[in-house]
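Heads up, the thing below is written out as structure tokens.
Computed from the coordinates by the stated procedures, all read-outs in this text should not be read as laboratory data. Predicted, not measured: the structure shown is a model, and the values here were computed from it. Cβ atoms come from the backbone with ideal geometry, glycine included; neighbour counts cover every protein chain shown.
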């Protein structure tokens, strides 16, 4: 399927819009209308270019952001869920587990431990040869 | 038997700028961000489809790297000229990625062009390296 240049511009703009507004109540119907494309055509072009449906892309974007926010222990999981644009904590937890393979709570504990360790014992993460070559040349 | 490449060092002349390019522009994920007592920051990122291949954004010109002055000067010349081709980045759609990165202010050495192996353009990271950005031809 050959995609026309002007369609590229519209789909890329739509994707950038999702990137910027994924945390709000995004309506993919509105986005396709703004791109001057039918919902069906928008869905087909977006899926062809990005190899995933607009809805799946939006979900992935929200989960990615949630992963970042979960590293901050001050925020409750419910707050993270809301902040990334999910309306229901149940569906957020299910989708998170489906995408990442861990529950949000388990992911948080792991991420927090890694963050703490990288602060307290940074050399744990650096291959020893890099540290040694650095010392030799000091 | 060698089975996998787990880390690749990428020399950059500005680690903060590199973070912005690889994380905010390309959408890579920070894998490890650990700063040693002497200030050396071990920063690695991964591409979406390769979560186990860490790209080390190595701040080649900083004092804490352990390089002597001569080495640093040589690296500075190469990085400032941005002559080093660091690799090939794959994309499902070269034209769309080109449009998107251009909209984000990324600099390109060439526009998407058909090659016998696919569609390719040349993108620079703004920190001393360039990459082929390729959409492989469907077989």
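The Cα atoms of the stretch A:1-51 cover 33, 18, 17 Å along the three principal axes, with the biggest extent listed first. Computed over the alpha-carbon atoms, the stretch A:62-121 gives an Rg to Rh ratio of 0.99, Rh here being the Kirkwood radius from the mean inverse distance. In terms of its C-alpha gyration tensor, chain A has an oblate overall shape, because the principal axis ratio a/c (a ≥ b ≥ c, square roots of the eigenvalues) is not below 1.5 and a/b does not outweigh b/c. Each Cα pair under 8 Å and six or more residues apart adds its sequence gap; the mean of these over the residue count of chain B is a relative contact order of 24 percent. Of all the options A:18, A:49, A:77, the one that moves most in a Gaussian network model of chain A with Cα springs shorter than 10 angstrom is A:49. Axis angle, to the nearest 10 degrees, between helix A:5-21 and the longest C-alpha principal axis of chain A: 50 degrees.
If you take the alpha carbon atoms of the stretch B:19-139 and fit the smallest convex hull around them, that volume is 113 Å³ per residue.
Suppose we keep just the DSSP beta bridges with both residues in the protein assembly as shown; what percent of those would be antiparallel, to 5? In the protein assembly as shown, approximately 60 percent of DSSP beta bridges are antiparallel ones. Summed over qualifying helices (DSSP H, 4 residues or more, each -39500 (n - 2.57)) and divided by its residue number, chain B shows a 222 nm mean residue ellipticity of -6000 deg cm²/dmol. Of the residues B:40, B:58, B:28, the one that moves most in a GNM of chain B with alpha-carbon contacts below 10 Å is B:40.
Rounded to the nearest 5, the antiparallel percentage of DSSP beta bridges internal to the stretch B:1-129 is 65%. Taken residue by residue and averaged, Cβ atoms of other chains lying within 10 Å of the Cβ of A:2-13 number 3.
For chain B, the longest principal axis of the Cα atoms and the long axis of helix B:69-81 meet at an angle of about 20 degrees.
Counting neighbouring beta carbons within 10 Å and listing from fewest to most, the residues A:60, A:113 come out as A:113, A:60. Based on C-alpha pairs under 8 angstrom that are at least 6 apart in sequence, the stretch B:81-123 has a relative contact order of 30 percent. Using a Förster radius of 30 Å, what is the FRET efficiency between residue A:79 and residue A:48 based on their Cβ-Cβ separation? Nearest 0.05, please. According to the calculation, E is roughly 0.25.
For chain A, the longest principal axis of the alpha carbon atoms and the long axis of helix A:104-120 meet at an angle near 40°.
Centroid-to-centroid, using Cα positions, the stretch B:1-46 and the stretch B:97-139 are 21 Å apart. Computed over chain A, relative contact order equals 18 percent, with contacts defined as Cα pairs under 8 Å that lie 6+ residues apart. Taking a ≥ b ≥ c as the square roots of the eigenvalues of the Cα gyration tensor of the protein assembly as shown, is the shape rounded (a/c under 1.5), prolate (a/b larger than b/c) or oblate? Oblate is the answer for the protein assembly as shown, as a/c is 1.5 or above yet b/c matches or exceeds a/b. In the Gaussian network model of chain A, springs joining C-alpha atoms below 10 Å, which of A:62, A:44, A:108 carries the largest mean-square fluctuation? Answer for the Gaussian network model of chain A: A:44. Taking every DSSP helix (H) stretch of at least 4 residues in chain A, weighting each as -39,500 (n - 2.57) and dividing the sum by the residue count yields a mean residue ellipticity at 222 nm of -22000 deg cm²/dmol.
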